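Each remark here refers to the structure printed beneath this line.
Any read-out appearing in this document is the output of simple, stated calculations on the displayed coordinates, not a laboratory observation. Being a predicted model, the structure only gives us computed values, none of them experimental. Cβ placement follows ideal geometry from the backbone for every residue including glycine, while neighbour counts extend to all protein chains displayed.
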Amino acid sequence: MKVIFLGTGDFSLTVLKAVHKSAHEVVAVVAQPDKVNARNGKKLFSPVKSYALEEGLKLFQFEKINNCTGELRSLGADIMITSAYGQLLSREVLALCRYGVINTHASLLPAYRGAAPIQSAILNGDEVIGTTIMRTEYEMDTGDIILQRSVRLRGDENSEECFGILAELSAALAVEALDEIERGIATYTPQDDTRATYCRKFVKEDGKMDFSLTAAELARRVRAFYGFPGTFCNTPNGRLKVIKAEVSSKAPEEGVCGEVVAADKQGITVRCGGNTALTFLVVQGEGARAMSARDYLLGKKLPVGTVLG
């Protein structure tokens, strides 16, 4: 089939590569407009754009795709596939191709409709995550399910690791869905809207550590917010980013939330809610590189009793 691919970031790139290497023909790639580096004013190419240029694929970067139906229609594509594209499609765009539009969504729909399904699944302590190929409808993430696959987690994966797992799974499923649609054997299962859950896009402020939460909850936040927005707390040495942490057994029966209860070669252990404690294993101080908490303590002191905010 002739395919128009819409996507922008690394997740999208993994899917695009699989589709491009399949028996289907990518007649055009649509990526978001370039961003500009605030420091030097240079344009930043997205991973999908860079790949399209390297492979000589026709490339579009519409400010508003819904105003460009004529250019898309002229391509004579059979189907469009979107993967973390970033713009909502109008009914007119959805109807341009004879097989419509399909989308990859990194959750087991109808769970986690919305912008950050992977992070939300980790935050909620889900033991199983997955991805869905669905037929795109005008409403967000409500379309019929074509294919769906799940994977069981070990329990210590961060969002970046889950992102990679689901990108590869989504890429394989996208090609499988295109094959089934072309052969006329694809099935379309309506979602059960009564079971739908939703997730929002996270912002930098979400990364601020709240030590009144339990250590298990905070450990999940560290994993979920790995990369962006990151998890951090304030110390006498400045802001400290926590990159890796684990639940500890060192919590005393009395004390205040946020209090350092140990700072040694095992890491920095902080009292949390519910008489629990969290040990920082890998951290990053202001203006410094990421390092083990043990190495951080060689240059920056955090005495027992220090209260972090």
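Among the lysines, select those whose C-alpha is under 17 Å from the C-alpha of Lys17, and discard any that sit fewer than 8 residues away in the same chain.
The reachable lysines, counting only those whose Cα sits under 17 Å from Lys17, are Lys2, Lys49, Lys58.
Just tell me which lysines come within less than 29 Å, Cα to Cα, of Lys208; anything on the same chain fewer than 8 places away is out.
Reachable lysines: Lys35, Lys241, Lys244, Lys250, Lys265, Lys300, Lys301.
Where is the GNM fluctuation largest for the chain (alpha-carbon springs, 10 angstrom cutoff): Thr194, Thr136, Thr269?
Thr194
Is the shape of segment 204-299 rounded, prolate or oblate, going by the alpha carbon gyration tensor and its root eigenvalues a ≥ b ≥ c, with a/c under 1.5 for rounded and a/b larger than b/c for prolate?
Taking the square roots of the gyration eigenvalues as a ≥ b ≥ c, segment 204-299 is oblate.
For Lys58, put the label point 7 Å out on the Cα→Cβ axis and report which residues of segment 71-112 keep their amide N under 16 Å from it.
Inside the label zone: 71-81, 96-98.
Just flag the GluC sites (Glu not before Pro) in segment 160-259 sitting in loop per DSSP whose Cβ has no more than 13 other Cβ atoms within 10 Å.
In loop regions of segment 160-259 (DSSP not H, G, I, E or B), the sparsely surrounded GluC sites (Glu not before Pro) are Glu253, Glu254.
Could you tell me which of rounded, prolate or oblate describes segment 2-199, using a ≥ b ≥ c as the square roots of the eigenvalues of the alpha-carbon gyration tensor, with rounded for a/c under 1.5 and, failing that, prolate when a/b is larger than b/c and oblate otherwise?
It comes out oblate by the Cα gyration axes.
Suppose only helical runs count, i.e. DSSP H with n ≥ 4. What mean residue ellipticity at 222 nm does that imply for the chain under -39500 (n - 2.57) per run, divided by all residues and rounded to the nearest 500 deg cm²/dmol?
Helices in the chain give a 222 nm mean residue ellipticity of -7500 deg cm²/dmol.
For a test of the definition: using alpha carbon positions, the gyration tensor, and the 1.5 limit on a/c, classify segment 12-82 as rounded, prolate or oblate.
oblate
Give me the percent of DSSP beta bridges within the chain that run antiparallel, rounded to the nearest 5.
65
Non-local amide H neighbours of Ser248 (under 5 Å, H modeled in plane, Pro and chain starts lacking H): which ones?
Result for Ser248 returns Ala277, Leu278, Thr279.
Starting from the Cα of Lys43, draw a straight line to each of the aspartates and glutamates and keep only those under 16 Å, dropping any in the same chain fewer than 8 residues away.
Straight-distance partners of Lys43: Asp34, Glu63.
Quick one: if you stick a label point 7 Å off each Cα along the C-beta vector at Asn40 and Tyr188, how many nm between them?
My value for the distance between the label points is 4.8 nm.
With springs only between Cα atoms under 10 Å apart, run a GNM on the chain and tell me which of Gly285, Gly274, Gly184 wobbles the most.
Gly184
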